1. Would you be able to tell me the number of residues in segment 262-290 that are of a type in the set (A, V, I, L, M, F, W, C), closer than 16 Å to L169 by Cβ and outside any helix (DSSP H, G or I)?
2. Yes or no: I176 buried (at least 18 other Cβ atoms within 10 Å of the Cβ) and either aliphatic (A, V, I, L, M) or modelled with pLDDT of 90 or more (or both)?
3. Does segment 171-186 contain at least one residue that is within 28 Å of L240 (Cβ to Cβ) and within 25 Å of the chain's Cα centre (by Cα)?
4. In a helix (DSSP H, G or I), open to solvent by 20 Å² or more (accessible area, probe 1.4 Å), at pLDDT 85 or above and within 21 Å of S271 (Cα to Cα): is that true of I212 in this structure?
5. How many residues, within segment 26-77, are at pLDDT below 85, on the phi < 0 side of the Ramachandran plot and small (G, A, S)?
6. Could you identify the single residue in A282, A291 that is farther than 17 Å from T132 by Cα, touching a residue at least 12 places away in the same chain (Cβ under 8 Å) and touching a Phe, Trp or Tyr at 6+ places or on another chain (Cβ under 7 Å)?
7. Is there a residue in segment 308-328 that is in contact (Cβ under 8 Å) with a residue 12 or more places away in the chain, outside any helix (DSSP H, G or I), out of contact with any strand residue (DSSP E or B) (no Cβ under 9 Å at 6 or more places or on another chain) and not polar (S, T, N, Q)?
Amino acid sequence: MTAPIETTGSTAEAQPEAVLTGATQSQIEGRSLGRIAWTRFKRDKVAMAGGVVVILLVLVAILSKPIQAMFGLDPNDFHQNLVDPALLAPKGSFGGISWSHPLGVEPQTGRDILARIIEGSWVSLVVAAGSTLLSVVIGVVMGVVAGFYGGWVDSGISRLMDTFLAFPLLLFAISISASLQGNAFGLSGLTLRICVLIFVIGFFNWPYMGRIVRAQTLSLREREFVEAARSLGARGPFILFRELLPNLIAPILVYSTLLIPTNILFEASLSFLGVGIQPPQASWGGMLSTAVDLYQVDPMFMVIPGLAIFITVLAFNLLGDGLRDALDPRGK
């Protein structure tokens with residue numbers, strides 16, 4: 001007879017459930033969904049590059065005032081000695097680029113372009129982030145309610161979305177922005193302009209988020225975990241906020257990342273048309289609007305703010321695409 005093999009349960013009890021022992025006796029540790037998504041995202045070098053650029057842009061926007069103070073930059077300081085009085089063009093080649101002015105100076109005024117690009121960065125990102133947040137809040141609430149309750153609630157909210165989507169948004173935004181001048185709602189100046197842009201862009205763009213969330217909610221409400229919550233006596237608000245919303249974080253995050261560059265372009269378009277951010281406050285769209293009349297004198301004055309918008313929008317789009325592939329690999 002062979003002696004019975006003694007086994008001790010101390011080793012098995014000491015190991016967490018997420019740790020297994022493989023054939024080679026090496027421990028295999030379970031990974032959360034977030035860690036798996038991060039691993040997928042790190043493999044996408046293009047998306048990682050976009051994320052790095054986005055982080056740098058956000059840091060520049062947040063630290064715009066300290067950066068200007070550190071390097072002695074003033075976006076509204078005129079340098080007439082750097083402009084040719086006859087041609088009104090910056091002295092030197094490539095728009096007056098030098099060690100003192102790495103991106104050159106403006107025609108006519110001689111203002112430092114780098115300082116104005118940095119100053120305009122926080123305006124664009126504040127308007128884009130604020131309007132995106134407003135669209136997400138309204139769209140998520142409307143989309144979840146419409147998708148979960150269905151029936152006449154779904155029909156009413158869906159028709160409301162169709163009504164908002166039928167608005168000529170650009171013309172509506174121009175009319176509202178142009179009419180709210182001076183003082184309104186206890187606000188004035190730059191604060192009023194930024195709040196108006198956030199409201200106009202965010203309030204009329206929520207149906208896009210609402211439709212995506214509604215479609216996802218229609219799919220999720222028939223899943224087993226929702227039925228299990230109902231069978232345990234959970235009511236609508238509990239299921240909405242504790243069961244459905246956590247499972248909607250991924251599409252909301254991805255679409256929000258893709259909505260920010262769209263709102264940056266919209267703010268730049270309104271400033272370009274003269275109904276957005278008003279001078280002397282620097283904005284990328286306003287710089288492009290001024291460059292239209294001066295591009296023959298100094299082409300670099302149009303190229304640089306255009307590149308700032310292009311790089312920012314491209315970086316956010318690359319980041320959004322990478323997040324979408326990482327959080328939902330089946331969509332590839």
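1. Taking segment 262-290 first, the residues of a type in the set (A, V, I, L, M, F, W, C) are 264-266, 268, 270, 272-273, 275, 277, 282, 284, 287-288.
Now restrict to residues that are closer than 16 Å to L169 by Cβ: 264-266, 268, 270, 272-273, 275.
Among the residues that remain, those that are also outside any helix (DSSP H, G or I) are: 273, 275.
Within segment 262-290, residues that are of a type in the set (A, V, I, L, M, F, W, C), closer than 16 Å to L169 by Cβ and outside any helix (DSSP H, G or I) number 2.
2. Values: buried (at least 18 other Cβ atoms within 10 Å of the Cβ): no; either aliphatic (A, V, I, L, M) or modelled with pLDDT of 90 or more (or both): yes.
Here the answer is no, as I176 does not meet what is asked.
3. First, the residues of segment 171-186 that are within 28 Å of L240 (Cβ to Cβ): none.
No: segment 171-186 contains no residue that is within 28 Å of L240 (Cβ to Cβ) and within 25 Å of the chain's Cα centre (by Cα).
4. Working: in a helix (DSSP H, G or I): yes; open to solvent by 20 Å² or more (accessible area, probe 1.4 Å): yes; at pLDDT 85 or above: yes; within 21 Å of S271 (Cα to Cα): no.
So I212 fails the test.
5. Qualifying residue count, segment 26-77: 5.
6. Details: A282 fails: touching a Phe, Trp or Tyr at 6+ places or on another chain (Cβ under 7 Å).
Unique residue meeting the criteria: A291.
7. Filtering segment 308-328 for residues in contact (Cβ under 8 Å) with a residue 12 or more places away in the chain gives 308-309, 311-328.
Within this subset, residues satisfying the condition of being outside any helix (DSSP H, G or I) are 328.
Cutting the leftovers down to out of contact with any strand residue (DSSP E or B) (no Cβ under 9 Å at 6 or more places or on another chain) gives us 328.
Among the residues that remain, those that are also not polar (S, T, N, Q) are: 328.
Yes, because at least one residue in segment 308-328 is in contact (Cβ under 8 Å) with a residue 12 or more places away in the chain, outside any helix (DSSP H, G or I), out of contact with any strand residue (DSSP E or B) (no Cβ under 9 Å at 6 or more places or on another chain) and not polar (S, T, N, Q).
Results for (1) in a loop (DSSP other than H, G, I, E, B); (2) open to solvent by 20 Å² or more (accessible area, probe 1.4 Å); (3) among the hydroxyl-bearing types (S, T, Y), shown as yes or no for each residue.
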position	(1), (2), (3)
G95	yes, no, no
Q108	yes, yes, no
E119	no, no, no
V144	no, no, no
S158	no, no, yes
T163	no, yes, yes
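The values are calculated or read from the model by the stated rules, or taken from the named source; none is laboratory data. Because the structure is predicted, anything quoted here is derived from the model rather than measured. All Cβ positions, glycine included, derive from the backbone under ideal geometry; neighbour counts span all protein chains shown. Note: areas computed on protein heavy atoms with side chains; ligands, DNA, RNA excluded. Shrake-Rupley method; radii C 1.70, N 1.55, O 1.52, S 1.80 Å.
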